Amino acid sequence: MAFVLIAGMLYLALCAVLFAAQRSLIYPAPHADPAMLRDQPGFGVVPLADGLNVDRYYLPAPPGAPTVVHFHGNGEQLLGQRGFGQALGDAGLGFLAVEYPGYGASPGSPTEAGLYASAEAALQFLREQGVKPEDIVLSGRSLGTGVAVEMARRGYGARMVLVSPYTSMVAMGQRTVPFLPASLLMRDRYLSLDKAPHIPIPVLIIHGEDDEVIPVDMGRTLGQRFPKVRVVTVPGAHHNDVLEREGQEEFARLATFALDGT
């Protein structure tokens, strides 16, 4: 009986640790010196409803071309999106990326609601620049796929690209700590699988078959739920190199889809 009691107390302690520490695990937020962002071409801020500002990086589209609105992964930050944006600009697209609260040089603390607020503020900024709704392409990578899916659920975007997506943060928690009740403990849930059937826009999913962080089966499963979707799995690609592999075939696929949906 004493052993059972001690084991139960240890189990509850583990649950408490996961509940308390989960956001530091989900959001290992890199930080940046504000001086590295301020006054550089393309960088600026967008205001949030709570009075805080988050950073953004914006490259206007050529006349009549779409703009890709990108949401980065959990170990990335806005400063690292400049090369991706410039490559899309070279392909004839506009680009907008927004920082998450508590990431880079932006104040605050990251939460699911906070990431959604940043994303919606960025889309409002784009509207103020005169970009039409039909010229917006949502894009997310890893953690950012959950943000992109929520923005699509809210009616934003004419198309959407998801790179290395997960079905939900709850499922990721269950995969990481299968011996704990992640479904009960997760505060930030990002329920992309539940939202997918209600998103009518065309979707492109790109996932590495050797992804060691988010298994490719999650990308395939998510792809089964969107009404209009193409799923591309890349042999030999891992979590962090699926777009960057030699030849950049998947980056070219993403850019073509963003331009005209093909």
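For segment 196-214, does any single residue satisfy the condition of being surrounded by fewer than 18 Cβ atoms within 10 Å (Cβ to Cβ) and without any contact (Cβ under 8 Å) to a residue 24 or more places away in the chain? The answer is no, given that none of the residues of segment 196-214 is surrounded by fewer than 18 Cβ atoms within 10 Å (Cβ to Cβ) and without any contact (Cβ under 8 Å) to a residue 24 or more places away in the chain. With respect to Val161, is the statement that it is crowded, with 17+ Cβ neighbours inside 10 Å, farther than 15 Å from Gly146 by Cα and of a type in the set (A, V, I, L, M) true? Answer is no for this residue. Could you please let me know if Phe251 is in a helix (DSSP H, G or I) and at pLDDT 95 or above? Yes; evaluated as a whole, the condition is true for this residue. Please go through segment 115-132 and pick out each residue that is in contact with a Phe, Trp or Tyr (Cβ under 7 Å, 6 or more places away or on another chain) and either under 19 Å from Pro62 (Cα atoms) or surrounded by fewer than 24 Cβ atoms within 10 Å (Cβ to Cβ) (or both). Within segment 115-132, Leu123 is the sole residue that qualifies. Number of residues in segment 67-103 that are over 13 Å from the mean Cα position of the chain (by Cα), crowded, with 24+ Cβ neighbours inside 10 Å and assigned to a loop (DSSP other than H, G, I, E, B) equals 1.
If you go through segment 202-220 and pick out every residue that is under 21 Å from Phe257 (Cα atoms) and out of contact with any Gly (no Cβ under 6 Å at 6 or more places or on another chain), you end up with 8. Pairing each residue of segment 23-39 that is under 21 Å from Gly114 (Cα atoms) and assigned to a strand (DSSP E or B) with any residue that is open to solvent by 90 Å² or more (accessible area, probe 1.4 Å) and of a type in the set (Asp, Glu), provided the two are 6+ apart or on different chains, yields no C-beta distance under 6 Å. Scanning segment 215-242 for residues that are open to solvent by less than 10 Å² (accessible area, probe 1.4 Å) and closer than 23 Å to Ala87 by Cβ yields Gly219, Ala237, Val242. Report yes if some residue within segment 104-113 is charged (D, E, K, R), within 25 Å of Pro62 (Cβ to Cβ), out of contact with any His (no Cβ under 9 Å at 6 or more places or on another chain) and not in a strand (DSSP E or B); otherwise report no. Within segment 104-113 (the criterion being charged (D, E, K, R), within 25 Å of Pro62 (Cβ to Cβ), out of contact with any His (no Cβ under 9 Å at 6 or more places or on another chain) and not in a strand (DSSP E or B)), the answer is no, since none of the residues qualifies. Taken as a whole, segment 206-224 holds at least one residue that is closer than 20 Å to Val147 by Cβ, among the β-branched types (Val, Ile, Thr) and part of a helix (DSSP H, G or I). Considering only residues that are at pLDDT below 85, open to solvent by 20 Å² or more (accessible area, probe 1.4 Å) and either in contact with a strand residue (DSSP E or B) (Cβ under 8 Å, 6 or more places away or on another chain) or at negative phi (or both), which ones fall in segment 22-39? Hits for segment 22-39 are Ala35, Met36, Arg38.
The values are calculated or read from the model by the stated rules, or taken from the named source; none is laboratory data. Just so we're clear, the structure is a prediction, and the values are computed from it rather than from any experiment. Cβ coordinates were reconstructed from backbone atoms using ideal geometry, including for glycine residues, and neighbour counts include every protein chain displayed. Areas reflect the complete protein model, heavy atoms only, side chains present, ligands, DNA and RNA absent. Shrake-Rupley method; radii C 1.70, N 1.55, O 1.52, S 1.80 Å.
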